Amino acid sequence: MSLLFIIVLYVLFKILNNSSPHKEKKKELTEKFQELRAQSIKLQENVSSYILTNNANEIIFFENITYGSFLKSLQKNHIQHLSEKSYIKLKNSNNRLYLKSTETMLNEQAIKLKEAQNKVSGLKYNL
């Protein structure tokens with residue numbers, strides 16, 4: 001009896017997690033992840049290029065934060081939230097709770113990335 005119950009629950013779980021809206025949402029999340037990841041890498045490259053071109057590693061960039069420290073914080077954030085490992089985990093997951101938490105994290109990352117891009121926008125003429 002309990003084995004049958006477990007099998008029924010498993011089948012229901014698989015059916016619910018493989019529903020079309022669920023697959024579409026996962027596809028949207030993986031695309032958004034890749035877009036944010038590319039933006040993060042581009043921003044890091046721009047800041048790194050600026051630092052190298054202008055020897056600005058120890059120069060104050062914003063509120064007592066040096067360009068070098070700013071770049072390190074961008075890199076750390078990228079590793080924590082937008083790494084290849086995180087992408088693979090998202091791509092392989094069918095857990096709705098994980099997908100929901102990833103959606104929240106990606107929305108937060110989009111905001112942080114936009115704020116960082118706005119801070120760097122004044123540097124564009126030197127990049």
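Tell me yes or no: at least one residue of region 19-40 is in a helix (DSSP H, G or I), at pLDDT below 90, on the phi < 0 side of the Ramachandran plot and in contact with a Lys or Arg (Cβ under 8 Å, 6 or more places away or on another chain).
yes
Could you list, ordered by first residue, the pairs with Cβ atoms under 6 Å in which the first is in region 46-68 and acidic (D, E) and the second is at pLDDT 95 or above, at least 6 apart or interchain?
Close Cβ pairs (under 6 Å, with a partner that is at pLDDT 95 or above) amount to E58/T66.
What tally of residues in region 39-92 results from selecting those that are touching a His at 6+ places or on another chain (Cβ under 9 Å) and surrounded by fewer than 16 Cβ atoms within 10 Å (Cβ to Cβ)?
Result for region 39-92: 1.
Does region 69-83 include one or more residues that are modelled with pLDDT under 95, aromatic (F, W, Y) and within 23 Å of the chain's Cα centre (by Cα)?
So far as region 69-83 goes, no, none of its residues is modelled with pLDDT under 95, aromatic (F, W, Y) and within 23 Å of the chain's Cα centre (by Cα).
The values are calculated or read from the model by the stated rules, or taken from the named source; none is laboratory data. Predicted, not measured: the structure shown is a model, and the values here were computed from it. Note that we place each Cβ from the backbone using ideal geometry, even for glycine, and neighbour counts take in every protein chain shown.
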